[in-house]
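Below is one structure; the comments refer to it alone.
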Amino acid sequence: MKLFYLVLLTLVFACTDAPIKDKSSSEGNVCEYSKWLRISETKKDVLIEIQNPDDASKIFRIRLPNANREIENSSFEVEQPIRRMACLSSTHIGMLSELNLQNRLVAVSDMKYIFDPKIKELNPIELGEEQLISIERVLKSEAEVIVYSAFSSSFNKEKVLRKVGVTCIPNFDWRETHPLGRAEWILLFGYLTGHQKAAKIKFAEIKKNYMKIQAEIDEMKSVSTLSGNMTGDYWYAPGGDSYHAQLLEDAGLNYVFTSSSGTGSLAYSFEKILGMSAGIDLWLNPGFKSKAEIIRAYPKSILLPFLEQSSLFCYTHTSNKFWELSACRPDLVLADYSELGKGEKADLNKLVFYKRVE
Amino acid sequence: MSSNRSNKVLLLLVLISILLLAGMGLRIGDIPTDFLDVYHAVFNYSEQNLSELIIREIRLPRITIAIIAGAALSIAGMLMQTLFQNPLAGPYVLGINSGSSLMVAMGILSGVGFFNSELGLIGSALLGAFVFGLFVLFTASFIRSQIGLLLFGVMLGSFVGAIITILEASSQVDALKAFALWSMGSLNGVSVDQLPVISFVFVLGCLGTLLIVKPLNMLVLGEEECRLMGFNVKRLRLSIVFITALFTGLVTAFCGPIAFVGLAVPNLTRMLFKTQNHFLLLTANLLFGAFFVLSCDLLIQALSETILIPINALTSLVGAPFVIYILIRKLR
């Protein structure tokens, strides 16, 4: 029994308005790349801090204390390691898959977005869209925690879920600007599930692969690369400071919007895209499987010279796989981009996510 | 200056403004072009020249459809207001637009082959507008109160909205996205190849309206007076519904919903010209409607670096306060 209580850690989750003290946040931070996740380990405990990117004063703290713990500002206590988890985003699910912890996943948003065959087999409960999840289904799933993406400013079900004893943990991996920073969120899942060691090994492996691919890339391949597509009246593309732009840069590709500022999406008129269309070698992520579909969705796309003249690649043939794995495996995405940067010499059989859009 | 002359001067000023705005719209954009490029794009087009390509394939269809959509919706609104003798009537308020929206929603969200094609969507929008136009006309024979008819239109809109919500709830993400984008309205979807067909239908509608100008003038005095003057009121009502459906369906099919134009502009022209002469009202609605939507489009282009505004949102932002003003004036 004693051993049981020693192993049984109590997770304390607290959301406070107090800013992170520099001392606690910087000292012994396990995370190297992440902007919004900090994990500090001491002999006594582990402190996980998740900062809201839009409000520096909002920090979600998760403390994994040892037996001599002192709980401050605690709002919740749930048993650790987490045995039953609900994840509302594909990227979270991918991280659990990478840690081979699919059996911890008891609820997801929608099964039709699942790629991992093991999860499909386990058939977790469907909760619905993040802002519309069914509380009754959460209870039915017996999830101890829900990891959500916080795409909206708040998670509107949080208050009710707290009342019924379910801890809600925000995940801001999508706000990271460095691909390895995003992948580093695998550590959160590692610590929550008691598999921190495996998570650290996994992340070290991802980082090593990423660095290796990056080091092997020729300095400048001058492959002029465009990303995105027309949605409605505008062409949406990743901003120059975004996670995706960083990946393209690390792959040695010359992203046409690299000098633009912003971590979110850029919106340009079709006219502007047409004006800068000369010399585009590679068009990534148009969001469709075929050129016919691109033209059908936006008939004026036929005017784009690079529709025929450039190499056109997308992950759409395996979207679920891409969304599930690309965040935690940026090394695989980088490998794809690096291969595509070789132009005619690219070995398309090596591509993990991407396929030519015919 | 006589009223007749001042009307002509005002209309001429609006016409000149439209021409100036259209010229500006053709010349100004993200890619710098000059008037020589505009001239070449229109009269001596070379596909190899990027500036000419942009003007001809992107700006020209956008400017043209802005003019046509504004004019068509305003004329449709004017016809509805005369038919129902109600200044608050319009294709959007009475639910005719809802008919188009419902049919388009069924096309996009059901994903059924023909209805999801370009031709299918245009046909659906026209059919929806016409069927709902007839339905409103039929119901109007039972509802004598002006406010009652408007309430009926609002209810019809809500009913259709509920059906669309059900369709959305069981739709795929891609179809939902396509429908959401369609419902924002856009002047960018029209290609230069579609302009002749759109212009032809528009001219047809204008000619149709021109042919019924005299009975429209009589209809203002009342159905009985109109009948006594030898006009077939039943046929006139059907003609009005048909022309309104044609205009509304045309705009909805190619641009999506564009709200408040058909309500605000006809009221504005009636306030400015203080006339029931439908020839003058037709001309005024044609010009003021075109001017209004064209101005909205240019404003959207000018603000696009700062904020992205769908056309349906901007026309509502400008049109709704004006309609509220009319409502207050009417109810006071």
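At a glance:
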{"quantity": "Sparse-neighbour loop sites [GluC sites (Glu not before Pro); the range A:164-226; at most 12 other C-beta within 10 Å; DSSP]", "calculated": "A:E219"}
{"quantity": "Computed [θ] at 222 nm, helices only, for chain B once each DSSP H run of length n ≥ 4 contributes -39500 (n - 2.57)", "calculated": "-25000 deg cm²/dmol"}
{"quantity": "Peptides B:100-110, B:152-162 ordered by average Cβ neighbours within 10 Å, highest first", "calculated": "B:100-110, B:152-162"}
{"quantity": "Order by protection proxy (mean Cβ within 10 Å, highest first), peptides B:269-277, B:70-78", "calculated": "B:70-78, B:269-277"}
{"quantity": "Given A:K207/A:K321; A:K120/A:K197; A:K321/A:K342; A:K163/A:K202, the pairs whose alpha carbons are separated by over 30 Å", "calculated": "A:K163/A:K202"}
{"quantity": "C-alpha center-to-center spacing [the range A:269-339, the range B:152-213] in angstrom", "calculated": "30"}
{"quantity": "Whole-Hz couplings from phi, Karplus 6.51/-1.76/1.60, listed for the range A:248-264; x for Gly and Pro", "calculated": "5, 5, 5, 7, x, 8, 9, 6, 5, 9, 4, 7, 6, 9, x, 9, x"}
{"quantity": "Student exercise, chain A dipole from Lys, Arg, Asp, Glu Cβ charges, in Debye to nearest 20", "calculated": "840"}
{"quantity": "Chain A: proportion of alpha-carbon pairs further apart than 29 angstrom, %", "calculated": "44"}
{"quantity": "Cα centre as origin, Lys/Arg/Asp/Glu Cβ charges: chain B dipole, Debye", "calculated": "1480"}
{"quantity": "D_trans [Stokes-Einstein, Kirkwood Rh over alpha-carbon pairs] for the range B:156-255, 4 °C, 1.567 mPa s, µm² s⁻¹", "calculated": "78"}
{"quantity": "Descending semi-axes in whole angstrom, ellipsoid equivalent of the protein assembly as shown, from the Cα gyration tensor", "calculated": "56, 31, 21"}
{"quantity": "Per residue, the convex hull volume that the Cα atoms of the range A:80-135 enclose (Å³)", "calculated": "80"}
{"quantity": "In degrees, nearest ten, helix A:196-216 long axis to first principal axis of chain A (Cα)", "calculated": "20"}
{"quantity": "If the convex hull is drawn through the Cα atoms of the range B:7-104, its volume per residue in Å³", "calculated": "149"}
{"quantity": "Normalised alpha carbon radius of gyration of the range B:138-177 [divisor 2.2 N^0.38 Å]", "calculated": "1.67"}
{"quantity": "Cβ-based charge dipole, the protein assembly as shown, positive-most Cα from A:N123, B:A129, A:I135", "calculated": "B:A129"}
{"quantity": "Tail weight of P(r) past 25 Å, computed on alpha-carbon pairs of the range B:187-332, percent", "calculated": "38"}
{"quantity": "GNM flexibility winner over chain A from A:S149, A:S269, A:S227 (Cα, springs under 10 Å)", "calculated": "A:S269"}
{"quantity": "Debye intensity ratio I(q)/I(0), log10, chain B, q values 0.12 Å⁻¹ (C-alpha model)", "calculated": "-0.84"}
{"quantity": "MRE, 222 nm, helices only [DSSP H, n ≥ 4, -39500 (n - 2.57), over chain A, to nearest 500]", "calculated": "-8500 deg cm²/dmol"}
{"quantity": "Cα-based helix-to-principal-axis angle, A:330-340 vs chain A, degrees rounded to 10", "calculated": "10"}
{"quantity": "The range B:57-110: projected area of the alpha-carbon convex hull, averaged over directions, in nm²", "calculated": "4.8"}
{"quantity": "DSSP bridge orientation in the protein assembly as shown - percent antiparallel, rounded to nearest 5", "calculated": "60"}
{"quantity": "Cα lying deepest toward the dipole's positive end in the protein assembly as shown, options B:N7, A:Y255, B:S316, charges on Cβ", "calculated": "B:N7"}
{"quantity": "Full-extension gain in nm, A:K212 to A:K355, via 0.36 nm per residue minus C-alpha separation", "calculated": "49.2 nm"}
{"quantity": "Highest-fluctuation residue, A:L132, A:L47, A:L282 considered, GNM on chain A with Cα pairs under 10 Å", "calculated": "A:L132"}
{"quantity": "Top of A:Q309, A:Q214, A:Q102 by mean-square fluctuation, Gaussian network on chain A, Cα under 10 Å", "calculated": "A:Q309"}
{"quantity": "Relative contact order computed over chain A (Cα-Cα under 8 Å; 6+ residues apart), in percent", "calculated": "14"}
{"quantity": "Size of charge dipole - the range B:1-68 - debye, nearest 20, with Cβ of Lys, Arg +1 and Asp, Glu -1, no other charges", "calculated": "480"}
{"quantity": "Leading residue at positive end of dipole, the range B:1-143 (Cβ point charges), from B:V42, B:S74, B:L20", "calculated": "B:S74"}
{"quantity": "Average other protein chain Cβ within 10 Å of Cβ, residues B:147-154", "calculated": "0"}
{"quantity": "Alpha carbon Rg of the range B:62-215, scaled by the compact-globule rule 2.2 N^0.38 Å", "calculated": "1.10"}
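Every number here is computed from the coordinates shown, using simple stated rules; none is lab data. Because the structure is predicted, anything quoted here is derived from the model rather than measured. Cβ: placed from backbone, ideal geometry, glycine included. Neighbour counts: every protein chain shown.
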